[in-house]
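Take a look at the structure below.
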Amino acid sequence: MTHKQRIVIAGGGTAGWMMAAAIARTLAHTVDLCLIESEEIGTIGVGESTIPPLVNFNRILGISETEFMRETQGTFKLGILFDNWKVDGDRYFHSFGTTGRDHWSAGFQHFWLNGLTRGHNQSYDDYCLELVAGMQGKFAHLPEDRLNYAYHVDATLYGRYLRKLAEAAGCRRIEGKITRVELHGETGEIAALYLENQARIEGDFFIDCTGFRGLLIEGGLHAGFEDWTHWLPNDSAIALQTRHLGPPQPYTQAIAHDAGWQWRIPLQYRMGSGIVYCSRYLSADEALHRLRSSVGEPLIDPIHLRFAGGVRRRQWFRNCVAVGLAGGFVEPLEATTLHLIQRAVLRIIRLMPNGKVSARDTDEFNEQQLQDITQIRDFIILHYKATERRDSPFWRHCADMPIPDSLKQKIELFRETGRVFRKNEELFAENSWVQVMMGQGIHPDSHHPIAGKLGDEEMARLLEGLRSNVARTAAQLPTHEDYLRQYCPAPKPAYAL
């Protein structure tokens, strides 16, 4: 009888159960899959805001969207509304999807910039359907996926939902707290994990989903950690679940303050609220006071988190791969944590060893994962560096801090020419960089000459036609609240009755 490969996932939560559900549903009974987690440890359960690739991830796993939304008390998300980032009192919207219509030689921003010189003063925002619909509180599924969206979900409920799917597909859950990692004397690979009850769990391939602790990848294998806190100064967060202050909107809010920022993530019956801050400039007590004074009635005790921005030097090392917070973390801004988990999950399945681990596979995985998180890192740093705020020590620090050469090139290229280039399947496409850079106050000095090819009447027809189409489509959409009620109403929890 052929020996089934034994895959052991250490840690539950969203990362562990995303991994388990994907492996169980994809490889089914070709592997022996188990997941170890302890009810005593619990999970962070904070990451409630997602980005559009999760829609495709769910489709790959054959997950019903309506069931998923009901099970997670989910709402739809069209982007993020940024308050106070450029200057105090200013706001802009980073939407999903595209703005206007690109030409193969140049993005739409070049035509819009040319239009400004001819007296067309409509906001760049007016040409993006997701942005206009989001600001109007509208949402619906449109034919041909014309409205790009993601979700807001209850992370704890999402983990439970994924666990149900994974167990139904053959994953075994083992309750226990990991106390020791046993290594092979000759190869240095992980041989087994010991639990508090003295149980010994053997495996061929191990997946570390133990969060910031990295019990396997760092505690057992000492893979190393590259610190990015000189570019990402925030190191603390407080999360709180609160009552709604109004109907759920189809966007996340990111509100900058003098030492970081606050988030607002609307679910069907409550709000996910939190504050991210740099402990050098704000105490935990003051951060909690600010959070409580700006949100609705709390439903749980606050969850305090400490973190360091950075990445494991080797996320796949020997026969162990780190997923989620165990592999690296940037910070919650732009909601990329679940995306990095998802990318790792799909890559692991594509590169799943059939017996001995190939060094070529591990090198390929590590290179791709590092590229992903590095590109995301640069996009996050942009929000702190490109700002006119100088009103506090925190923002003055951000203004003065050096930035990676890769980000410097992107900013200066856009400032001088209006151009943005997407490299190697980069997560954030041209429209994202344009919206954020202009929202943060960077405006191009020039634009592509192709826009000058259009005569005045042609330019007027192009701009007015695109703007009118967006306005007309948005006006026909139902409110987000009404659409949720019709499409995927979740059972009311006790606190909402």
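The values are calculated or read from the model by the stated rules, or taken from the named source; none is laboratory data. As the structure is a prediction and not an experimental result, all values here were calculated from the model. Glycine gets a Cβ as well: all are built from the backbone with ideal geometry, and neighbour counts include every protein chain shown. What goes into the accessible areas is simple: the full protein's heavy atoms, side chains included, and nothing from ligands, DNA or RNA. Shrake-Rupley method; radii C 1.70, N 1.55, O 1.52, S 1.80 Å.
The table below lists the values:
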read-out	value
Cα-based helix-to-principal-axis angle, 456-476 vs the chain, degrees rounded to 10	50 degrees
Accessible area, probe 1.4 Å, largest first, for residues Glu186, Glu175, Glu196	Glu186, Glu196, Glu175
5 angstrom amide H check on Lys138, placed H, neighbours 5+ away	His480
The range 314-462 shape via C-alpha gyration tensor axes, a/c threshold 1.5	oblate
Expected 222 nm ellipticity per residue - DSSP helices of 4 or more, -39500 (n - 2.57), all of the chain, to 500	-11000 deg cm²/dmol
Neighbourhood charge, 10 Å Cβ-Cβ cut-off, centred on Leu282 and excluding it, Lys, Arg +1 and Asp, Glu -1	-1
Solvent accessible area, Å² - Val132, 1.4 Å probe, full protein context	20 Å²
Between 0 and 90°, nearest 10: helix 405-417 axis offset from the chain longest Cα axis	20 degrees
Heavy-atom accessible area per residue - the chain, 1.4 Å, Å²	42 Å²
Heavy-atom SASA rank of Lys164, Lys138 (probe 1.4 Å, accessible area, largest first)	Lys164, Lys138
Residue-level accessible surface for Thr30, protein heavy atoms, 1.4 Å, Å²	90 Å²
Degrees separating the helix 155-168 axis from the principal Cα axis of the chain, which is the longest one	50 degrees
His447 - accessible surface, heavy atoms, 1.4 Å probe, Å² rounded to 10	60 Å²
Exposure ranking of Tyr269, Tyr281 by accessible area [1.4 Å probe, largest first]	Tyr281, Tyr269
Carbon and sulfur %, accessible surface of the range 333-411 computed with the full protein complex present, 1.4 Å	48 percent
Protein accessible area in the range 120-211, 1.4 Å probe - carbon and sulfur %	44 percent
